[in-house]
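Novice: Take a look at the following structure, please.
The values are calculated or read from the model by the stated rules, or taken from the named source; none is laboratory data. Worth saying up front: this structure is predicted, and the values here are computed from it rather than measured. Note that each Cβ is placed from the backbone with ideal geometry, even for glycine, and that neighbours are counted across all protein chains shown.
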Amino acid sequence: MEKTKKYSLELGGQTLKIEIGKLAGQANGAVIAQLGDTVVLATAVISKNQKIGADYMPLIVDYEEKFYARGKILGSRFVRREGRPSEEAILNARLIDRAIRPLFDQSVRNEIQVVSTVLSVDEKNDPDVIAMIASSIAIAISDIPWNGPIAAVRIGRIDSKWILNPSFEERMAGIADLVISVSPDLKINMIEAGGSEIKEEDLIAGFEFAEKPLKDIVEFSKKIADEFNTPKTSVVLEVNDNELEETVVKFLSKDKALEAAIYEKKKGQRLVNLDALKEELKTYIAKIDLPAQTGESKVKMAEVFFEKEIDKMVHKNVLERELRPDGRSLDELRDLVSETAFLPRTHGSGLFQRGETQVLSALTLGAPSDEQIVEGMVVQTKKHFMHQYNFPPFSVGETGRMGGPGRREIGHGALAEKALEPMIPKKEEFPYAIRVVSEVLSSNGSSSMASTCASTLALMDGGVPIKKPVAGIAMGLISDGKNNHKILTDIQGPEDHYGDMDFKVAGTRDGVTALQMDVKINGVDVETLKKALAQAKKARLQILDHMAKTIAEPKKELSPLAPRIITMEVHPDKIREVIGPGGKVINDIIAKTGAAIDIEDSGLVFITALSEKSGLEAKRIIEEIVKEYQIGDIVSGMVTQILDFGAIVEFGKKDGMIHISELAPYRVNKVTDIVNVGDEVKVRIKRIENGKISLSLKDVVDKR
């Protein structure tokens, strides 16, 4: 603690505080970042040895939510501690990962773990961007080789203006929420955005608005890293066998073998071609005598050069000849196919296919009580619209584990949900819980955007009154790292794997509702994004035109299989009467009618039933319970009890007493001379005192 160093930077009217040297001293890098009362500890650690057998850079990014940070005792009632990461935590971990990963040397084989632990959360500042900045500085001051630091900011759009670091309330009130990160040369390398039909030109203005604070954070971070000036450890896996590389290139160029394998329109056949060529190469390399490498290591390194040559060929042909692997022009979509009402027993379904990417989305409508309860560290709410995404291994022709969703599935599902959510009707307008599940049945590029399209079809097929249809498209980039680049519409296969950018854009005809960008290079400038957005809009409109031919608007009627919901209001003071002691009254209604009943504190009542008849019956009973009777009202009821001095009559869910003097317009000696238990009678309300109701039978008889 004697070596603790503190730094600060003004950011959006607040002070970002950085403290180093106080906590987690055994990590390679550790940083405490604070904005307002939100505090995050970020640590970075690298393993001392390479991961045996790894053919990828083993980077792990974790985001740890601690409920004490919010001053709450959350979690399972029986455990009361943090369990598996929440969806929010997974999405935040992905946010950090997507920003920092491109700046590592991908040939590193030592495990690297970056952990953000949220220690304190206020009501204003989201920890996610703070964690991104803290993680960046933690890596930058460590001995881990990295080409950072990055900078990240959140901006929001309120009243036609962009604001920096919006609070939770401002984000809810605004029409756009963007997180943007940049590399050290201020190129944009990650975007996560959602909004309500943001115009492309407004998005560009937002990127430009963010430039100044992003630059300030980069310079601030560089200053801290320079002050520490930690020597970087040498962990890069060197691949510099020029003789072996020349041999591989010569083998692959013979009879244009590699080009013939890559430029096959069908993904399955292309993979077969490439696998066969790779096996031929491995057999060839194993037999020849190359003194610099021997045995298995020689063959493994040849595979690295094989991948490198594919990358070079894809780049070269796109940049020089505008030649894509499947022969399309740069802005051309693959063939589109769509269908609705595909599944007979769901409440709505949509099948969408773009090239070899195929997604089936199914809609389920439920009672308001079926909504999802979100109990996260930062967000605690209820969601009446849910979109979930599944990516089984058969969708890419592979075997693999089936089970719960992984980080990728959660991220893709959340992106499509973000794209659709602004067009979903408010709960007050359409009180159903809405669940859409997208099943990826075949994947060859941007299944998340296909899920957006298939889900739109399913929602409209089910009669959900969405405001407008939503479609999405994935754009790519092939760049030479200088000034020459080409933007690709509807990327697939090699363009996705070997390309330099994955830029997903979803929206309506009138604007963007979700945006996500990741890169494999240092980043892209605003001008490139401007071109990509324009090209994406053209593709999005083409997809919407195609979808409109299948279904142009939501069906007017819900599926006959969907439950019916009747909405009514009762005075909040009457809620306890509808529920009854221990829930007796409401449970009796449910048992009698078969309807589900949900009552909000405001007095809003949702009656969900499989048939309209049972729903209306439940409504009638509730109306009787809460009805405010007035003196003089004439009601019908049943005699339920005989007393010496009168009779008890039940009407609706209330009861009152007819005194013996009110039974007839003459003297009555015995109550049973006039009424008996089980008799249906029509009576007049004579008095209401302290909740007790007095009735008259003779007043009604007199009127007759």
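Novice: Go through the residues of region 625-632 one by one and say whether even a single one is among the basic types (Lys, Arg) and assigned to a loop (DSSP other than H, G, I, E, B).
Specialist: Yes, there is a match, as at least one residue in region 625-632 is among the basic types (Lys, Arg) and assigned to a loop (DSSP other than H, G, I, E, B).
Novice: In region 159-207, which residue that is of a type in the set (Ser, Thr, Tyr) and either out of contact with any Gly (no Cβ under 7 Å at 6 or more places or on another chain) or in a strand (DSSP E or B) (or both) is farthest from ARG98 (Cα to Cα)?
Specialist: Within region 159-207, the match that is farthest from ARG98 (Cα to Cα) is SER160.
Novice: Also, quick follow-up: Considering every residue within region 321-344, establish whether at least one is under 30 Å from GLU553 (Cα atoms) and among the hydroxyl-bearing types (Ser, Thr, Tyr).
Specialist: Taking every residue of region 321-344 in turn, at least one turns out to be under 30 Å from GLU553 (Cα atoms) and among the hydroxyl-bearing types (Ser, Thr, Tyr).
Novice: In region 340-380, how many are aliphatic (A, V, I, L, M), touching a Ser or Thr at 6+ places or on another chain (Cβ under 6 Å) and in a loop (DSSP other than H, G, I, E, B)?
Specialist: Final tally of qualifying residues: 2.
Novice: Within region 381-393, which residues are crowded, with 16+ Cβ neighbours inside 10 Å and in a strand (DSSP E or B)?
Specialist: Matches in region 381-393: LYS383, PHE385, MET386, HIS387, GLN388, TYR389, ASN390.
Novice: Could you pull out the residue among ILE543, ILE575 that is in contact (Cβ under 8 Å) with a residue 24 or more places away in the chain, more than 26 Å from the chain's Cα centre (by Cα) and assigned to a helix (DSSP H, G or I)?
Specialist: On inspection, the qualifying residue turns out to be ILE575.
Novice: While we're here: Among the strands (runs of 3 or more DSSP E) contained in region 428-528, which hold 3 or more residues that are buried (at least 22 other Cβ atoms within 10 Å of the Cβ) and of a type in the set (A, V, I, L, M)?
Specialist: On the way: elements: 433-442, 471-479, 485-489, 501-508, 511-519.
So the answer is 433-442, 471-479, 501-508, 511-519.
Novice: Yes or no: GLN535 part of a helix (DSSP H, G or I), modelled with pLDDT of 90 or more and polar (S, T, N, Q)?
Specialist: Criteria met by GLN535.
Novice: Need at least 1 residues that are of a type in the set (Lys, Arg) and within 29 Å of LEU214 (Cβ to Cβ) per element, so show me which strands (runs of 3 or more DSSP E) inside region 8-74 make the cut, counting only ones lying wholly within it.
Specialist: 14-20
Novice: Out of (1) in contact with a Pro (Cβ under 8 Å, 6 or more places away or on another chain); (2) modelled with pLDDT of 95 or more; (3) closer than 30 Å to HIS315 by Cβ, the odd one out for MET501 is which?
Specialist: Exception for MET501: condition (1).
Novice: Looking at region 26-52, which of its residues are in contact (Cβ under 8 Å) with a residue 60 or more places away in the chain and surrounded by fewer than 18 Cβ atoms within 10 Å (Cβ to Cβ)?
Specialist: ASP37, SER47, LYS48, ASN49, GLN50, LYS51
Novice: Being over 21 Å from LYS222 (Cβ atoms) and either at pLDDT 95 or above or surrounded by 13 or more Cβ atoms within 10 Å (Cβ to Cβ) (or both) is the requirement here; does LEU23 meet it? So that I can check it myself, show each step before the final result.
Specialist: On the way: over 21 Å from LYS222 (Cβ atoms): yes; either at pLDDT 95 or above or surrounded by 13 or more Cβ atoms within 10 Å (Cβ to Cβ) (or both): yes.
So LEU23 fits the description; yes.
Novice: What number of residues within region 248-275 satisfy the criterion of being over 18 Å from PRO325 (Cα atoms) and either surrounded by 15 or more Cβ atoms within 10 Å (Cβ to Cβ) or modelled with pLDDT of 90 or more (or both)?
Specialist: Within region 248-275, residues that are over 18 Å from PRO325 (Cα atoms) and either surrounded by 15 or more Cβ atoms within 10 Å (Cβ to Cβ) or modelled with pLDDT of 90 or more (or both) number 4.
Novice: Quick check: is even one residue across region 78-100 farther than 25 Å from SER183 by Cβ, of a type in the set (Ser, Thr, Tyr) and in a loop (DSSP other than H, G, I, E, B)?
Specialist: yes
Novice: A further question follows. Under 6 Å between Cβ atoms, at least 6 apart or on separate chains: pull out the pairs that start in region 579-594 with a residue that is under 15 Å from GLY615 (Cβ atoms) and end on any residue that is surrounded by 10 or more Cβ atoms within 10 Å (Cβ to Cβ) and among the hydroxyl-bearing types (Ser, Thr, Tyr).
Specialist: THR593/SER614; GLY594/SER614
Novice: Here's something else I'd like to know. Tell me the residue from ALA27, ALA33, ALA44, ALA69 that is under 25 Å from ARG94 (Cβ atoms) and in contact with a Leu (Cβ under 6 Å, 6 or more places away or on another chain), please.
Specialist: Being under 25 Å from ARG94 (Cβ atoms) and in contact with a Leu (Cβ under 6 Å, 6 or more places away or on another chain) holds for just one of ALA27, ALA33, ALA44, ALA69, which is ALA69.
Novice: Here is a further query. Quick check on region 52-69: of everything there that is farther than 18 Å from ILE144 by Cα and of a type in the set (A, V, I, L, M, F, W, C), which residue is modelled with the highest pLDDT?
Specialist: If we take residues in region 52-69 being farther than 18 Å from ILE144 by Cα and of a type in the set (A, V, I, L, M, F, W, C), then ALA69 is modelled with the highest pLDDT.
Novice: Please enumerate the residues belonging to region 643-686 that are surrounded by fewer than 12 Cβ atoms within 10 Å (Cβ to Cβ) and closer than 30 Å to ASP588 by Cα.
Specialist: Across region 643-686, the qualifying residues are ASN676, GLY678, GLU680.
Novice: Name the pairs whose Cβ atoms lie under 8 Å apart, with the first residue in region 256-269 and under 16 Å from ILE491 (Cβ atoms), the second of a type in the set (D, E, K, R) and in a helix (DSSP H, G or I), and 6 or more positions between them or separate chains?
Specialist: Once the first residue is under 16 Å from ILE491 (Cβ atoms) and sits in region 256-269, its partners that are of a type in the set (D, E, K, R) and in a helix (DSSP H, G or I) give ILE262/ARG270.
Novice: Only one of SER167, SER135 is farther than 18 Å from GLN516 by Cβ and surrounded by fewer than 24 Cβ atoms within 10 Å (Cβ to Cβ); which?
Specialist: Details: SER135 fails: surrounded by fewer than 24 Cβ atoms within 10 Å (Cβ to Cβ).
Within the list SER167, SER135, the selection yields SER167.
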